[in-house]
Each structure stands twice: as structure tokens, then as C-alpha cells.
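Worksheet: the structure to be examined is printed underneath.
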Amino acid sequence: MKDCVTWQGVWVLGLAVQVILLLVLRKPIDTSVVLLLPPRTYSASTWVMLQQVDCFAMIGWLGLAWSACVRRQANLLVHS
């Protein structure tokens, strides 16, 4: 349960970053992978697809899976 709460904190941090960016920049900014893209022209499908990948949510889910593997509650490599 402790690991779940800890990794859920990463998602809450992502929400806090969005609120802070909104207050500072006065426009809504998402925390998706799009922020990491270099400036250039992208196709609409690529842009929409990458906009759906939230960095903080991805870190949280990967961390949760890693914690389960460390506790030997899950194995990501072999399906049993």
C-alpha cells in the first residue's frame, strides 16, 4: 500500500505542475511527451497520439510495476 501511495504522489505532482504552469504562464499547459519534442512541424495524428502520453502518469505506472517486481508480486518478463 505504501508503494501505491508513493507512486500516486507522482501523479499528484504532475497535477501540481500543471496548476503552477497555468498560474505562471496564464495559459493551460499539459505535461505530455509533446513538451519534449523539438520545434518543427508534426502531423496531426502524431501530435494527438503523443499528447495522450502524460509523463507523470507514465513514471507513476512504471514505478508501480517496478515496486511490484521488487516485492516479487509481479514479473514483467514471464507470464505465469
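The values are calculated or read from the model by the stated rules, or taken from the named source; none is laboratory data. Quick caveat, the model's predicted, so the values are computed rather than measured. So basically every Cβ, Gly included, is an ideal-geometry build from the backbone, and we count neighbours across all protein chains shown. Side chains included, ligands, DNA and RNA excluded: accessible areas come from the protein's heavy atoms. Shrake-Rupley method; radii C 1.70, N 1.55, O 1.52, S 1.80 Å.
Which ones in the range 1-26 are surrounded by 13 or more Cβ atoms within 10 Å (Cβ to Cβ) and among the β-branched types (Val, Ile, Thr)?
THR6, VAL10, VAL17
Looking at the range 18-30, can you tell me whether even one residue there is touching a residue at least 24 places away in the same chain (Cβ under 8 Å), closer than 28 Å to CYS4 by Cα and in a helix (DSSP H, G or I)?
Checked against the condition, which is being touching a residue at least 24 places away in the same chain (Cβ under 8 Å), closer than 28 Å to CYS4 by Cα and in a helix (DSSP H, G or I), the range 18-30 yields no hits at all.
Can you tell me which residue within the range 35-59, out of those that are part of a helix (DSSP H, G or I) and among the polar types (S, T, N, Q), is nearest to ALA16 (Cα to Cα)? Lay out the reasoning, then the answer.
Of the range 35-59, the ones part of a helix (DSSP H, G or I) are 35-36, 44-51, 55-59.
Among the residues that remain, those that are also among the polar types (S, T, N, Q) are: 45-46, 51.
Numbers: SER45: 28, THR46: 26, GLN51: 18 Å.
The residue in question is GLN51.
For the range 60-68, indicate whether the set of residues that are in a loop (DSSP other than H, G, I, E, B) and either open to solvent by 40 Å² or more (accessible area, probe 1.4 Å) or of a type in the set (S, T, N, Q) (or both) is non-empty.
Going through the range 60-68, the residues in a loop (DSSP other than H, G, I, E, B) turn out to be none.
Within the range 60-68, none of the residues are in a loop (DSSP other than H, G, I, E, B) and either open to solvent by 40 Å² or more (accessible area, probe 1.4 Å) or of a type in the set (S, T, N, Q) (or both).
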